[in-house]
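Quick notes on the structure that follows.
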Amino acid sequence: MLTRTHIRQARRALLLATLCGAILPASAFDIAQITNPIGRLARVFDSQLVKTEDRVEWLDNRVVTLAQHSEHPLKANLGFRGYRSKTGAPDPFVTLDLGADYPIEMVYLIPTQREFAEDTGIFPKRYTLEISKQADFGQRSVVFTTGNSPQLAPEGSPVPINAHDVGRYVRLTVHEGNPKGMLDLFGLSEIAVISQGNAVSLGAAVTSGGALDSPGIWNAAALTDGRTPLGMWENSVLTKGSIGDSVAVDATDPKVSWTIDLGDAAALDRLVLFPYQPDRSFDHSIFPDALTVQILTADGSEMEVSGEWNNAVPDASGMTPLVIPLGGKMAKAVRLTATRPYAMGEMKLQALSEIEVWSHGNNLAQGKLVTRTHAGSTAEVTSLTDNRTSQKQIIPVGIWLQQLHERGMIERELVMLRPIHRQLASESELNATWGSAVALGLTFLVPVFIVERRRLMSRDQIDNLRKRIASDLHDDIGSNLGSISLIARTARKDLVRLQGPEEVAEDLGEVESIARESSLAMRDIVWLLERRQDSIGDLVQRMRETAGRLLREINYTLECESTKTAAKLSLDAKRHLFLFYKEAIHNVLKHSQANKVTIRLWDQDDQLALEILDNGVGLPRNEKCSPAGVQKLEDRARVLDGLLQIASSKESGTQIRLFVKRAYLTANPSLA
């Protein structure tokens, strides 16, 4: 009789056989390794092996639920290429006009297809992504920048960028591309802008600087056409039932029309057509070589909304949908007419797997009857609006891209974990063999006790060293600086009383000021070293003291709305957060000419948010019309892995916002 233990052991054996690809017959080797007594004993005492094994098992169970990541080469409209025309020329860029202001959640940068397996591609190495409500980007938010550190190639996976901003225009500026025959060459297959789960960038107008156009192959419009080498917007689970609609035609009457009655008239954004897959075993699809789209308006008149679409490569279909923008036209019915069929040998076919009609984030065609007309006869079709391709369930573009990104991360982690798991299993079994021969229990507990005791002693020594350094700084150097300040003040007063040279009095005043400021800076360093003041609440209190000292001549408020003030900060997080805050306050004093400053901390989802807002004249601009003097802020935000937003103008002053994941900040994640 099989017990749960036997079932678990067999499942682990099967998993290891699949993952490891054994040198000997895989199943026999891995099952023996897990089920033999030494292997079981090794897992009892090796927690790292168990954690690794459980992690691998969880990742494998998770990855099968995500959209599949596989590249399907395109034959036309591959995407966009840009380059720098000459040394010193402006950075190349692309700008998307979404047509209206949207609350933007995510922006995905999708790489171009690779020419071979080891191809690193031409994804930009350093770039900045900005969002604005204005076409000239007079006011904008920098939602992401790589800074001076080149990014690793994404290996075909979409690159997500958290935006959390409202805007109409999205601009990607490339600071460093790839030296492949020309300066800073870069390329992208698609830029997908996600708002409320919907891809609002499909069909968006694109302008560019430094474009390397090639008609029908590389062009700016291909960045928003929905066609990528990543395939169709579907999950990984095969579906049962209908696979679409396919009609065999002949040369005398090749036309086939599909008409969808939407009911009430609505403003239509786009039409999305998915290709037909005749066989799930092959990576092959069928799609009309030419088609036209007509709409029936509210008054009953028909209107052709696009010229005839023609396949750039006849009889060559791809694993990607076709997006046809409809421009917000009011209509109550849509007719799609396939005019030239797909040739499969001697057979000619007009076929589709799904038709979507989108209006304001809703697919109006879902569940509607489709009337097919061919050769004078009509038929009702339900398989074209069932939210399925020929193989799988269709999912929203935002979810699809998020799943592809997550799948890429999981697959890379599995590639790293599998050899580690094999090595841990072998080492643990060897250790268990030796340990069982020499009183395993005692020899295991003694080293553990020694290691743990040394760890605790080392931690106590580090704490004592921090306290001693803080005490020395405060008592010795702080006392010396205080003495210098006092001596300089006394000497200046004596010099004034004796009517000495004014220049010497001014120098003594400057010495006193420098000594006083150095003493205050020393106090900040001592506070940063103090472990007993490592909570968010302690940070807020220190921020109040600093604001009271630096903004004493400015009307300011500091509000803390966070409910996690008891959470402990790591030493690095505490240091970078406080220095970010001081740098922002110094910018206010140096540049803003403000008379009012508002400082606020609050919780936003799983992030801690910090805002510094003033009513001054804004930050000065550099030669690129970007805010100057914010490099240190950007460096601190990048170290904290945070999102930095800066809005600055002469009319409304400067707003600086920093969002940092609380789990990254806190020393105890359970309090995050």
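Read-outs: derived from the displayed coordinates by stated rules, not from any lab. This one's a predicted model, so the numbers in the text were calculated from it and none came from an experiment. Every residue, glycine as well, gets a Cβ built from its backbone with ideal geometry; the counts of neighbours run over all protein chains shown.
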(request) Return a whole-number percent for the relative contact order of the stretch 124-270, with Cα pairs under 8 Å and 6 or more residues apart as the contact set. (result) 18
(request) Take each of the peptides 179-192, 90-103, average the number of other beta-carbon atoms within 10 Å over its residues, and list them starting from the highest. (result) 179-192, 90-103
(request) Using the Karplus curve 6.51 cos²θ - 1.76 cosθ + 1.60 with θ = phi - 60°, work out ³J(HN,Hα) for each residue of the stretch 177-183 in order, rounded to whole Hz, and write x for Gly and Pro. (result) x, 10, x, 10, x, 7, 6
(request) Scan around Glu176 for amide H atoms under 5 Å from its own, H built in the peptide plane at 1.01 Å from N, and keep only partners 5 or more places away or cross-chain. (result) Lys125, Arg126
(message) For a 20 Å ceiling on Cα separation, which of these pairs sit above it: Lys568/Lys661; Lys125/Lys180; Lys240/Lys348; Lys75/Lys255?
(response) Lys240/Lys348; Lys75/Lys255
(request) Apply the Karplus parameterisation 6.51 cos²θ - 1.76 cosθ + 1.60, with θ equal to phi minus 60°, to every residue of the stretch 365-372 and state each ³J(HN,Hα) to the nearest whole Hz, in sequence, with x for glycine and proline. (result) 7, 4, x, 7, 6, 10, 9, 9
(request) Excluding Gly210 itself, calculate the net charge of residues whose Cβ lies under 11 Å from the Cβ of Gly210, where each Lys or Arg counts +1 and each Asp or Glu counts -1. (result) 0
(request) May I ask you to work out the translational diffusion coefficient for the stretch 107-169 at 4 °C, viscosity 1.567 mPa s, via Stokes-Einstein with Rh from the Kirkwood sum over Cα pairs, reported in whole µm²/s? (result) 97
(message) Kirkwood hydrodynamic radius, computed over distinct alpha-carbon pairs, for the stretch 382-431: how many Å, to one decimal?
(response) 14.2
(message) Can you compute 3J(HN,Hα) from phi for each residue in the stretch 558-570, using the Karplus curve 6.51 cos²θ - 1.76 cosθ + 1.60 with θ = phi - 60°, rounded to whole Hz and x for Gly and Pro?
(response) 10, 10, 10, 9, 6, 9, 10, 5, 7, 5, 7, 9, 5
(request) Could you name the lysines whose alpha carbon sits less than 20 Å from that of Lys590, not counting residues in the same chain fewer than 8 places away? (result) Lys582, Lys632, Lys650
(message) Please report the projected area of the stretch 89-225's Cα convex hull averaged over all directions, in nm².
(response) 8.4
(request) Project the alpha carbons of the stretch 241-348 onto their principal axes and report the range along each, largest first, in whole Å. (result) 44, 31, 27
(request) Note down the net charge around Pro254, summing +1 for each Lys or Arg and -1 for each Asp or Glu among other residues with Cβ under 11 Å from its Cβ. (result) 0
